[in-house]
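The values are calculated or read from the model by the stated rules, or taken from the named source; none is laboratory data. In this text, all values refer to a predicted model and were calculated from it rather than measured experimentally. When we count neighbours, we look across all protein chains shown, and the Cβ atoms used for this are built from the backbone with ideal geometry, even at glycine.
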Amino acid sequence: MQNTSPSIEKDLRGFLAENFLFGRDHPFSNDDSFLENGLIDSTGVLELIRFLEETYNITVQDEEMIPENLDSIRSLLDFIHRKRQAPA
């Protein structure tokens with residue numbers, strides 16, 4: 001992962017806690033799979049994509065909606081970094 005702002009990680013964790021954990025204390029590492037650990041379901045992925053697009057002013061293409069991009073904090077950080085570095 002390149003130099004991704006720690007505030008992005010904080011924002012992602014805050015979004016997940018608020019929208020999917022409902023205040024429950026559920027620690028997870030940056031590499032834990034959201035789907036495998038039951039943090040979010042397929043509908044939740046769509047909410048996550050909307051959050052990413054609105055918060056980071058990026059567009060998630062249909063072909064980018066894969067676990068390699070969206071299924072952990074680390075994959076999200078890498079994905080956001082790549083999208084922000086891509087030419088417009």
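List of remarks:
- From the list I58, I66, the one residue that fits, being surrounded by 15 or more Cβ atoms within 10 Å (Cβ to Cβ), within 13 Å of the chain's Cα centre (by Cα) and not charged (D, E, K, R), is I58.
- Hits in segment 51-72 (condition: assigned to a loop (DSSP other than H, G, I, E, B) and not charged (D, E, K, R)): N57, I58, T59, V60, Q61, M65, I66, S72
Yes/no matrix, rows are residues, columns are (1) over 11 Å from the mean Cα position of the chain (by Cα); (2) at pLDDT 90 or above; (3) exposed (fewer than 13 other Cβ atoms within 10 Å of the Cβ); (4) more than 17 Å from I80 (Cα to Cα):
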| residue | (1), (2), (3), (4) |
| --- | --- |
| G23 | yes, no, yes, yes |
| D32 | yes, yes, no, yes |
| E36 | yes, yes, yes, yes |
| E54 | yes, yes, yes, no |
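Results for (1) modelled with pLDDT of 90 or more; (2) assigned to a loop (DSSP other than H, G, I, E, B); (3) within 11 Å of the chain's Cα centre (by Cα); (4) loosely packed, with under 14 Cβ neighbours inside 10 Å, shown as yes or no for each residue.
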site	(1), (2), (3), (4)
G14	yes, no, yes, yes
P27	no, yes, no, yes
G44	yes, no, yes, no
I49	yes, no, yes, no
R74	yes, no, yes, no
A88	no, yes, no, yes
